[in-house]
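Asker: My questions all concern the structure below.
The values are calculated or read from the model by the stated rules, or taken from the named source; none is laboratory data. Owing to the predicted nature of the structure, the values given are computational and were not obtained by experimental measurement. Please note: Cβ atoms are built from the backbone with ideal geometry, for glycine as well, and neighbour counts cover all protein chains shown.
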Amino acid sequence: MIKIYQEILNSKIKGEKLLAILVDPDKVSLDSTSNLIQKINESPATHIFVGGSSFEGNYLDELLLVLKSKIKLPILIFPGNFAQISDNADGILFLNLISGRNPEYLIEQQVNAVPFLEKTNLEVLSTGYILIENGKETAVERVSQTKPLSRKNIDYVAQTAKAGEYMGNKLIYLEAGSGAENTVPCAMIKQVSNIINIPLIVGGGIRSKTEIDNAFTAGADLVVIGTAFENNPNFFEE
Ligand code: 1GP
């Protein structure tokens, strides 16, 4: 049952970097998945994340079923709320929004998710989720009604990440937000990756291969690409 996490840990130990493509169900229609799936299968992605902070549709089950039948990579739900749970994925990032101070996203959503999770075989990966200021308001900020942490106060972000690890999270996710103007600063990635012992995910606003490489070099173990791939499915070929 701890297969996905164990593989992430093994990759970290071996220094093999991981790449997730984020599929936002709001931006994919069920009848247009074949091109998306082909491009994913041709890409260097190692994981697929599926979710969005404002998704309220009812076709998550179906979408996951299609993706799972045609993509061999582990598929993880990246939920915007507790209703975005489906047995048709392999695992779920069980997010704790530890940059925020809204109890709804620190414990209430998680409690409400349990009855849904009990009906699945999903591998649950508890994730300390840290939202970083990027220059403009993002969907996570709006939906969660929390303030991101300052991109200048790196010590406080590192302290938050370490607290997330001490609290038992298995992963830390530094998030600038989907379509972020500025990505998580490399100096921040570096300091956070130095202080934590668990794998580090970084995403939000990454638009080029150079930015992916910079995040890896700074210490990210897994980088997430959403908008750039959505806007250009040939992203990895160019
Ligand atoms: C957002 O980190 C992800 O939750 C990806 O962001 O869409 O900007 O790549 P982008």
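Asker: Which residues, taken from segment 229-238, are within 11 Å of the ligand (Cβ to nearest atom) and in a loop (DSSP other than H, G, I, E, B)?
Answerer: Answer for segment 229-238, where residues must be within 11 Å of the ligand (Cβ to nearest atom) and in a loop (DSSP other than H, G, I, E, B): just Phe235.
Asker: From the list Gly226, Gly179, exactly one residue is out of contact with any Pro (no Cβ under 9 Å at 6 or more places or on another chain), within 15 Å of the ligand (Cβ to nearest atom) and on the phi > 0 side of the Ramachandran plot. Which is it?
Answerer: Gly179
Asker: So which residues in segment 184-212 are within 15 Å of the ligand (Cβ to nearest atom), surrounded by fewer than 19 Cβ atoms within 10 Å (Cβ to Cβ) and part of a helix (DSSP H, G or I)?
Answerer: Lys209, Thr210, Glu211
Asker: Between Asn10, Asn35, which is more than 16 Å from the ligand (Cβ to nearest atom), in a helix (DSSP H, G or I) and free of Cβ contacts under 8 Å to residues at least 24 places away in the same chain?
Answerer: Answer to the check: Asn10.
Asker: Mind counting the residues in segment 174-183 that are surrounded by fewer than 19 Cβ atoms within 10 Å (Cβ to Cβ) and either assigned to a strand (DSSP E or B) or under 14 Å from the mean Cα position of the chain (by Cα) (or both)?
Answerer: Count: 1.
Asker: Let me ask something else. In the set Asn134, Asn112, Asn153, Asn169, which member is at negative phi, touching a residue at least 24 places away in the same chain (Cβ under 8 Å) and more than 18 Å from the chain's Cα centre (by Cα)?
Answerer: Asn112
Asker: Quick check on segment 95-106. Is at least one of its residues farther than 27 Å from Ala220 by Cβ and outside any loop (DSSP other than H, G, I, E, B)?
Answerer: Yes, the conditions are met somewhere in segment 95-106.
Asker: Can you name the residue in segment 213-223 that is crowded, with 22+ Cβ neighbours inside 10 Å, more than 10 Å from the ligand (Cβ to nearest atom) and touching a residue at least 40 places away in the same chain (Cβ under 8 Å) and, of all such residues, is nearest to Asn35 (Cα to Cα)?
Answerer: Leu222
Asker: Answer yes or no: is there a residue in segment 151-166 that is hydrophobic (A, V, I, L, M, F, W, C), more than 21 Å from Gly203 (Cα to Cα) and at pLDDT 95 or above.
Answerer: The answer is no, given that none of the residues of segment 151-166 is hydrophobic (A, V, I, L, M, F, W, C), more than 21 Å from Gly203 (Cα to Cα) and at pLDDT 95 or above.
Asker: In addition: Step by step: first the residues of segment 18-32, then only those that are in a helix (DSSP H, G or I) and in contact with a Leu (Cβ under 7 Å, 6 or more places away or on another chain), then the one that is farthest from Ile201 (Cα to Cα). Which residue is that?
Answerer: Checked segment 18-32; the qualifying residue farthest from Ile201 (Cα to Cα) is Leu30.
Asker: Any residue in segment 180-195 that is within 15 Å of Ser208 (Cα to Cα) sitting within a Cβ distance under 9 Å of a residue that is of a type in the set (Ser, Thr, Tyr)? List the pairs, counting only those 6 or more apart or interchain.
Answerer: Matching pairs, first to second residue: Ala180/Thr138; Ala180/Thr227; Cys186/Thr217.
Asker: Got a sec? Which of Leu67, Leu117, Leu149 is out of contact with any Phe, Trp or Tyr (no Cβ under 9 Å at 6 or more places or on another chain) and not small (Gly, Ala, Ser)?
Answerer: After applying the criteria, what remains is Leu67.
Asker: Follow-up. Of the residues Phe82, Phe116, only one is surrounded by fewer than 21 Cβ atoms within 10 Å (Cβ to Cβ), at pLDDT below 95 and not in a strand (DSSP E or B); which?
Answerer: On inspection, the qualifying residue turns out to be Phe82.
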